[in-house]
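The values are calculated or read from the model by the stated rules, or taken from the named source; none is laboratory data. All figures in this text were calculated on a predicted structure; none of them were measured in a lab. Neighbour counts are summed over all protein chains in view; Cβ atoms, including those assigned to glycine, are modelled from backbone coordinates with ideal geometry. With ligands, DNA and RNA removed, areas are computed over all heavy atoms of the protein, side chains included. Shrake-Rupley method; radii C 1.70, N 1.55, O 1.52, S 1.80 Å.
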Amino acid sequence: MTPITRLMQGAALAVLMTGAAAAQDFPERAVTLVIPFAAGGSTDVVGRIVAEKMSAQLGQQVIVQNVGGAGGSLGAGQVARAEPDGYTILMGTVATHALNPLILTQKPYDPVADFAPVSLLVVVPNVLAVNPELGVDTVQELIDLAKSEPLAYASSGNGTPLHLSGELFKSMAGIDLTHIPYQGSGPALTDVLGNQVPIIFDNLPSASSHIAAGSLKALGVTTTERAASFPDVPTIAETLPGYETYTWNALFAPAGTPAEVVAALNEAAVAAMADAEVVSRMEGFSATIVASSPEELGAHVAAEMAKWEPVVTEADVRLD
Ligand code: GLU
């Protein structure tokens, strides 16, 4: 071995050892949790609750950064390209890791190859709700009204489960509705509450407080079972049999993040989801806590991509 080769081997070993030591000491500083939607949406609501409890578990701040736009793909793309050291992680959703890749023409990341799964956190129902001024009380009344006049619905963006919920609804009900995409449910809610747009498909974590206050009227939940927190709200499937959508939230790190770092993040996330306050907040949203292993999340992403592909094709989901 030449002295140069020996020197290069020594340098490579030093880099490896520094990386291993860094992984063992993780986290030594604040972690940034990228929320790929605007503030006030479901991903933001769930993300902030989880970030607070993970901060306590990790002994370092988990700082939320909202990077909305393009159905969550801008924020997800940012994390895909971040340093794989665990200090930049993503609150992913069914949008970023199953639907965007099926619906969007611009694909700024690969949902499988570019990420290290950390933990599937929750599965949440979506809801069809209207501004009370619209004067409809049921899913059937909304369908009848849409047959007699042009109506629009707001969603958290192209390629999101709320976009899919609206397009699947149109296709199964045999009606037309104009889709108005926003950078997240936060700004979409603002316009529906202000009656600029009469209808919204939203997730229960962001819509619940407005439904409870009476400022939004929930016509139907998108899951096959009614939501325990709103037992009087029917499922859309009670009017349109077979209708189903939902959302989930999961943590992802960039691909190449050391296994010890992924394990530390997973441990903190699982502990956060077992916290009594988190359990009670999630119950209030009818969100089902999963708190999976990284391997289970990897399998979940693959299953969800396969599940939604025929639905996206059948509902003919297009960009607006
Ligand atoms: N509605 C969500 C939000 O604005 C994003 C879409 C989803 O994945 O459900 O946070």
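When restricted to residues that are touching a helix residue (DSSP H, G or I) at 6+ places or on another chain (Cβ under 8 Å), within 16 Å of the ligand (Cβ to nearest atom), open to solvent by less than 30 Å² (accessible area, probe 1.4 Å) and of a type in the set (A, V, I, L, M), segment 46-73 contains 4.
For segment 26-45, the set of residues classified as within 8 Å of the ligand (Cβ to nearest atom) and not in a loop (DSSP other than H, G, I, E, B) consists of 35, 42, 43, 44, 45, listed by residue number.
Say whether the condition of being closer than 23 Å to residue 90 by Cβ, within 16 Å of the ligand (Cβ to nearest atom), open to solvent by less than 20 Å² (accessible area, probe 1.4 Å) and in a strand (DSSP E or B) is met by at least one residue in segment 203-226. Yes: one or more hits. Scanning segment 70-116 for residues that are out of contact with any Ser or Thr (no Cβ under 6 Å at 6 or more places or on another chain) and assigned to a strand (DSSP E or B) gives 89, 90, 92, 115. Which numbered condition trips up residue 135, out of (1) more than 16 Å from the ligand (Cβ to nearest atom); (2) modelled with pLDDT under 95; (3) not aliphatic (A, V, I, L, M)? Tallying (1) more than 16 Å from the ligand (Cβ to nearest atom); (2) modelled with pLDDT under 95; (3) not aliphatic (A, V, I, L, M), residue 135 fails exactly one: (2).
Would you mind finding the one in 278, 270 that is at pLDDT 95 or above, open to solvent by less than 10 Å² (accessible area, probe 1.4 Å), out of contact with any His (no Cβ under 6 Å at 6 or more places or on another chain) and β-branched (Val, Ile, Thr)?
When all the criteria are applied, what remains is 278.
Checked against (1) open to solvent by 10 Å² or more (accessible area, probe 1.4 Å); (2) under 29 Å from residue 192 (Cβ atoms); (3) modelled with pLDDT of 95 or more, residue 117 meets all criteria but (2).
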